[in-house]
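Since every read-out is calculated from the coordinates, none of them should be taken as a lab result. Quick caveat, the model's predicted, so the values are computed rather than measured. Cβ coordinates were reconstructed from backbone atoms using ideal geometry, including for glycine residues, and neighbour counts include every protein chain displayed.
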Amino acid sequence: MQVTDSTGDDGIDFKLLADLAAGAEDAFVELYRRRQPDVYRFAFAMARSRTFAQDVTQEVFLNVLENAARFDGAKGSVRAWLFGCARHKILDRLRLERRWTDAMPPEAAEFDHDERLFADQRVERLHAALARLPIEYREALVLCEIQELSYAETAGVLGCPLGTVRSRLHRGRALLLVLLDEAAEAAVDGAASADRTLRTSEVCS
């Protein structure tokens, strides 16, 4: 099943979920194709682990298979519903693994050239800084800034008032900037130290 998308229109997702609830397996395939990247990015931004994100994504869509008929369109979009499901899975796993504020080592990757390396380093620093935020600020920022949900949709996913979302975003952005500044300073200091070590080595050789 291939469905043509239209910007800002959740009707396609609604129809796919309704078709899935009625037993149409191809509707699940199409919904997965459309929304799997969103769920994966959300989980990865929250936990900074590809394996973690893959497991959460799998669990979310298994839940979709089992509970498609329980979706209530009056409460929000299908996309927001998926993020709500993912959030519960993520919080359960974070509690279990005690990874609320950890900083996991970056997974190995090969880079084609310096530009790609620098771009990936910036993304890595962003995810590292996000992972250090308190969970309530982290999830608000990821939903609004990365997944681009509206404040109202984010409030629905988090189950909190709109004012709380605004407050968490304000504080989260401020703290994120501080953490990113610290990461940038550490990167500069590390590069300077490596340069001094290299020069010393050249003089002594």
Expected output is a single nm value to one decimal: the length gained when fully extending between Leu96 and Asp55, i.e. 0.36 nm times separation in residues minus the C-alpha distance. What is it? 13.4 nm
Modelled FRET efficiency - R0 41 Å, Cys160 with Asp26, Cβ distances, 0.05 increments: 0.65
Taking the Cα-to-Cβ direction at Val123 and at Ile12 and moving 7 Å from each Cα, how far apart do the two end points lie in nm? 2.3 nm
Stretch Arg34-Ser167 to full length: gain in nm at 0.36 nm per residue minus the Cα-Cα span? 44.8 nm
